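The values are calculated or read from the model by the stated rules, or taken from the named source; none is laboratory data. Since this is a predicted model, take the numbers as computed values, not measurements. Cβ coordinates were reconstructed from backbone atoms using ideal geometry, including for glycine residues, and neighbour counts include every protein chain displayed.
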Amino acid sequence: MSSNSGVRWLAASLRAARRLAPLALPVVALVALAGCASEAYPNTTFNYTTEVNEITDQLWDRLLFWATLVFVIVQVGLLYIVFRFKAKPGQPNPSHVHGNTALEIAWTAIPAVILAFIAVPTVKAIFQTQAKAPATALQVEVIGHQWWWEFKYPQYGITTANELYLPTGRPVNFALKTADVLHSFWIPRLGGKRDLISNRTNYLWFTPRDSMALKALNGTCNEYCGASHANMKFRVFTVTPAQFASWAAHQKAPAVFGAVVPAPVTPATAPAAASESTTRGGQVGTALASAEPATPVGFVFPRERIEPHTIPTATAPAGLTIQAGLTGDAERGRQVYSRSSCIGCHKIAGNPASAGVVGPNLTHLGSRYTIGAGLYANTPELLALWIKNAPAMKPGSIMPALGKGEWNPATKAKVTLGGLTDQEIVDIAAYLTALK
Ligand code: CUA
């Protein structure tokens, strides 16, 4: 081999390698998908948890198959032509050809047939996933707000926020609306992302499989909606029909003030969980428990079933603190809350002063796991900081800063008139935490 042909051979090999490069990505993707187990990827949408997910997954598999087939045929043909017809030393230039009717008809007809193969199942999937929900479906009205989720269960008379309980084995029909700008509702594990559009109602329905019972899932907003779009999250708890009935019956009723969440039934975890539910009540909970007998509340998703990927990890911003050593008193908190500006925006069933509808319904706040639309864990400490300065905790928060002397980024001024002291804030946090 002369040095000249050696160089040419190297150049041809490099060209071939460059042409092979596009193969790398699909190969890696196929290997990755083959290993896609839903438990290992808790937010994956590629699983059969609902009929919508199944339809989407089957369509995806079919499209991937045809796309891969076309890709392989084209690449094999390309490589064959590149190597079979490459220029040889001393060869004259090939003669030019113009037009080939048979070839042109073939390369028009073949893509048309391929598109038909793709279009038929796609259109079928669109009609299947847009069909009307069964009459027996659980109705859930989803209202997107900047930046939180309101959930109403009209059949049960329940209004709640940011935490969605869904029974398995029963179709759930979401009526999707927005109070302000566009949002998009998506629970990746259950599938069927759909937009919330101003002045119209979109619908989405599916049936969580029985195998999904007692799972905590993430939900997100997927349409850019302003400063805290990324902080507009929610949690979904899939539960058995009996657990749902228990939860719904309690949610419908006014909060049991000072009640404790019943200890979970698993003996191994019962002591830890029981002590945790006391902690969730805070120092306050203990003060109340001595005054009133603990009243059990309806089903609450068990803490030990909450998987790490659904637990908020956000910490309070540096510089935002509550004076150390304060102990909250729920009854005092109820009084402060009932004469503060809180009542203008929030509703608490059972507290006649609190009838606002602008902000999240707080009736059973103490039995929720998250605050700030899934951004923070619902602890008395974080709740107090949230009350003190919500805009500092969450960019763009419409809830104003309430702590006396706090800087309110919305009004660009310090809170003076009507501002709450740290003691009042801790008391309110104790009151809200006691609302089971
Ligand atoms: Cu709501 Cu993005």
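What to note about this one:
- Single residue of region 91-114 satisfying the filter (at pLDDT below 90 and either within 30 Å of Asp195 (Cβ to Cβ) or small (Gly, Ala, Ser) (or both)) that is nearest to the chain's Cα centre (by Cα): Ile114
- Taken together, Ala324, Ala330 contain a single residue that is among the hydrophobic types (A, V, I, L, M, F, W, C) and surrounded by fewer than 20 Cβ atoms within 10 Å (Cβ to Cβ), which is Ala324.
- Listed here are the helices (runs of 4 or more DSSP H) enclosed by region 347-436 that have at least 3 residues being surrounded by 24 or more Cβ atoms within 10 Å (Cβ to Cβ): 380-388, 422-433.
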